[in-house]
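Taking it in order: structure first as structure tokens, then the write-up.
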Amino acid sequence: MSVPAHVAIIMDGNGRWAAQRGLPRIKGHKAGVRAVERILEAASEAGLQHLSLYAFSTENWKRPAGEVMALMALLRIYLRVFLPSLRQKRIRFHHLGSREGIPPGVLADMDTLAEATRNHEGLCFHLAVNYGSRLELAQAARRCVEDGLSPEAVDEAALNDRLWTAGVPDVDLLIRTSGEHRISNFMLWQAAYAEFHLTDCLWPDFGPAELRAALDDYATRDRRFGGL
Ligand code: IPE
Ligand code: IPE
Ligand code: MG
């Protein structure tokens, strides 16, 4: 049975999960963090090489300041508390996204985690924070210019090598929770031939069984990449 090398997840529905319980949105985000921990373990055990989780988009800055601050604070707690489990599971941490605008404390914690786990040979965990595909592509184009590339040298490989995902294989399976059917500026380039798995499950309810169902669904797909 084929196992995808790179799974990307748009973790959506934390706010609705909280609203259904009459709780403030931040409680949904807290429950979402617990789901991240479960999925990291399940992804590791399933033998995935890369797992990219969309935690905060370049558009999410539009949310009320209180929610943004609470999310950033939660991220810091998470980055510190989960380090021991990343060590134990030999998971490598990598930030995906622009550093500009992220509070310095969050950046420092992400850098520490990346450094502490850089030699781990297990699952590579890419956390998308302040990530937006359009910004990523624009900065890749700018870097081609800064690197002095001639127009002929600006090809698919040149751009690919300048994305935040440089060196990471394309997304094989893209999962979105909470019943939304849109890509919300995530992995526009990398998901060119990704298989989609859309589920109504809200992110805080997503667990190993839901990941298994997505992987089983993926295994039934006939991937053609434009060929026959
Ligand atoms: C996803 O949950 C997490 C983030 C985007 C930070 P939402 O906060 O988008 O939850 P809903 O979509 O409002 O339910
Ligand atoms: C996508 O969720 C971004 C993340 C999961 C981080 P949103 O909740 O921000 O997406 P839209 O606004 O519903 O498209
Ligand atoms: Mg949402």
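No lab work stands behind these numbers, since they all come straight from the coordinates. Fair warning: this is a prediction, and the values are worked out from it, not measured in the lab. Here the Cβ positions follow ideal geometry from the backbone for every residue, glycine too, while neighbour counts run over all protein chains shown.
Points worth noting:
- Under 20 Å of direct C-alpha separation, and excluding same-chain neighbours fewer than eight residues apart, Lys62 reaches these aspartates and glutamates: Asp12, Glu100, Glu136, Glu180.
- Between Ala116 and Leu228, the FRET efficiency estimated from the beta carbon spacing at R0 = 41 angstrom works out to 0.30.
- Here the chain is assigned +1 on the Cβ of each Lys and Arg and -1 on the Cβ of each Asp and Glu. Its dipole about the Cα centre then comes out at about 900 debye.
- Karplus-derived 3J(HN,Hα) values for the stretch 106-115, using 6.51 cos²θ - 1.76 cosθ + 1.60 with θ = phi - 60°, are 5, 4, 4, 5, 5, 5, 4, 5, 5, 5 Hz; glycine and proline are entered as x.
- The Cα center of the stretch 23-46 and the Cα center of the stretch 129-189 differ in position by 26 Å.
- Bridgeable lysines around Lys89 (alpha carbons under 29 Å apart, same-chain partners fewer than 8 residues away excluded): Lys27, Lys30.
- Relative contact order, percent, the chain [alpha-carbon distance under 8 Å, six or more residues apart]: 30 percent
- With a simple spin-label model that places each label point 7 Å from the Cα along the Cα-to-Cβ direction, the separation between Glu37 and Glu156 comes to 4.2 nm.
- Whether the chain is rounded, prolate or oblate, judged on the alpha carbon gyration tensor where a/c under 1.5 counts as rounded: rounded
- 3J(HN,Hα) along the stretch 46-59: 6, x, 6, 8, 9, 10, 10, 10, 8, 9, 7, 8, 5, 8 Hz, from the Karplus curve 6.51 cos²θ - 1.76 cosθ + 1.60 with θ = phi - 60°, whole Hz, x for Gly and Pro.
- Per-residue HN-Hα couplings for the stretch 191-196 [Karplus 6.51, -1.76, 1.60; θ = phi - 60°; Hz; x = Gly/Pro]: 9, 3, 10, 6, 7, 9
- Highest mean first, the peptides 64-77, 90-103, 138-151 sorted by other C-beta atoms within 10 Å per residue fall in the order 90-103, 64-77, 138-151.
- Leading residue at positive end of dipole, the chain (Cβ point charges), from Tyr78, Leu123, Pro169: Tyr78
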